[in-house]
1. Out of 104, 70, 122, any idea which swings most in a Gaussian network model of the chain, alpha carbons joined below 10 Å?
2. For the chain, what is the largest minus smallest coordinate of the Cα atoms on each principal axis, given in angstrom and ordered from greatest to least?
3. Separation between the residue 107 and residue 148 pseudo-spin-labels, each 7 Å from Cα along Cα→Cβ, expressed in nm?
4. Compute the FRET efficiency between residue 82 and residue 132 as 1/(1 + (r/R0)^6), taking r as their Cβ-Cβ distance and R0 = 30 Å, and round to the nearest 0.05.
5. Antiparallel DSSP bridges in the range 4-129: what percent, to the nearest 5?
6. Percent of Cα-Cα pairs more than 15 Å apart in the range 9-74, please.
7. Quick check on the chain: helices-only [θ] at 222 nm, where DSSP H runs of length 4 and up contribute -39,500 (n - 2.57) each and the sum goes over total residues. Nearest 500, please.
8. If you take the beta carbon distance between residue 125 and residue 66 as r and set R0 to 25 Å, what does 1/(1 + (r/R0)^6) give as a FRET efficiency, to the nearest 0.05?
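Just so you know, all these numbers are worked out from the coordinates, no wet-lab data involved. None of these values were measured; they are calculated from a predicted model. Cβ sites come from the backbone with ideal geometry, for glycine too, and all protein chains shown count toward neighbours.
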């Protein structure tokens, strides 16, 4: 299987955009095998490329917009983001831009999955998640654990 990196994005100061960071905190409470590493990418933008080094697989965790109902958890592949307007929130140009940059600088590409939740809103300088987004955290952690057991 190789090394798997779980990279969580978000900004805790902007309402539901803090979703990925809250998932990161939950994931850190677990013990992982030595081939799994968990990272808090925050709002790293292209600096998050370093979290995709030396791995054969990666799971990216982030807030989503315009994918479905608020609180709904999604499992996506990079191609699911193609030809869509920017659908992930915050972080400058977001995960689609990061994945395009990765294609240019890294061969072979790691196998990438994106796990996200449809959020209610990004509220600048309003810490805390909406109830729907908060309730999606355990579902997201369970989904990630399931992916690792496959």
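1. Looking only at 104, 70, 122, the biggest GNM fluctuation is shown by 104.
2. So the three principal-axis extents are 38, 34, 24 Å.
3. Distance between the two pseudo-spin positions: 3.2 nm.
4. 0.65
5. Counting only bridges with both partners in the range 4-129, antiparallel ones make up about 20 percent.
6. Counting pairs separated by more than 15 Å, the tail of P(r) holds 58 percent.
7. So the calculated ellipticity at 222 nm is -8500 deg cm²/dmol.
8. 0.60
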